[in-house]
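Shown next, in structure tokens, is the structure this report addresses.
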Amino acid sequence: VQLQAFGGGLVQAGGSLRLSCAASGSNFRRYAMGWYRQVPWKQRELVAVISSRGSTNYADSARGRFTISRDNAENSVYLQMNSLKPEDTAVYYCWSRRDFSSSDDWGQGTKVTVSS
């Protein structure tokens with residue numbers, strides 16, 4: 001599946017952003033989807049994932065502030081980010097993995113900058 005992420009930008013601390021990721025291809029509902037983020041010189045880290053059945057999991061840093069959701073009819077996954085902090089500044093990547101597969105797909109990344 002090919003992934004294209006949208007919605008990054010510059011926001012003040014305390015503000016909100018909504019990231020979107022559009023997936024091409026069929027059988028979207030059979031994929032787990034998620035968001036990772038990366039800052040320079042650090043490993044890419046999990047932000048949130050949603051399984052093909054809709055169960056969610058969040059990094060401790062995201063829990064309570066971010067919400068991941070999916071729309072299988074639109075082949076899309078979203079990340080609503082509220083109460084943003086400067087430490088949320090990163091490039092955010094959309095991720096997918098088909099059920100029972102070990103192969104990951106990545107989108108091109110969208111940059112989020114949170115100013116203090």
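The values are calculated or read from the model by the stated rules, or taken from the named source; none is laboratory data. Note that this is a predicted model, so its numbers are computed, not measured. Here the Cβ positions follow ideal geometry from the backbone for every residue, glycine too, while neighbour counts run over all protein chains shown. Accessible surface areas use protein heavy atoms only, side chains included; no ligands, DNA or RNA. Shrake-Rupley method; radii C 1.70, N 1.55, O 1.52, S 1.80 Å.
Overview of values
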read-out: Pairs, first within 23 Å of Phe28 (Cβ to Cβ) in region 1-17, second open to solvent by 50 Å² or more (accessible area, probe 1.4 Å) and of a type outside the set (Gly, Ala, Ser), C-beta under 6 Å, six or more apart; value: Gly7/Arg18; Gly8/Lys111
read-out: Which numbered condition Phe100 fails, given (1) hydrophobic (A, V, I, L, M, F, W, C); (2) closer than 15 Å to Ser20 by Cα; (3) assigned to a loop (DSSP other than H, G, I, E, B); value: (2)
read-out: Filter result (crowded, with 22+ Cβ neighbours inside 10 Å and either closer than 17 Å to Glu87 by Cα or basic (Lys, Arg) (or both)) within region 20-35; value: Trp35
read-out: Evaluation of Ser52 against (1) in a loop (DSSP other than H, G, I, E, B); (2) open to solvent by less than 20 Å² (accessible area, probe 1.4 Å) (one fails), failing number; value: (2)
read-out: Filter result for Gly25 (modelled with pLDDT under 95, closer than 17 Å to Gln4 by Cα and either within 10 Å of the chain's Cα centre (by Cα) or not in a strand (DSSP E or B) (or both)); value: yes
read-out: Qualifying residues in region 87-116 (those that are under 15 Å from Gln43 (Cβ atoms) and among the small types (Gly, Ala, Ser)) - the one modelled with the lowest pLDDT; value: Gly109
read-out: Single match in Thr89, Thr113 (criterion: without any contact (Cβ under 8 Å) to a residue 60 or more places away in the chain and among the hydroxyl-bearing types (Ser, Thr, Tyr)); value: Thr89
read-out: Verdict on Ala62 being open to solvent by less than 50 Å² (accessible area, probe 1.4 Å), within 15 Å of Val112 (Cα to Cα), in a loop (DSSP other than H, G, I, E, B) and not polar (S, T, N, Q); value: yes
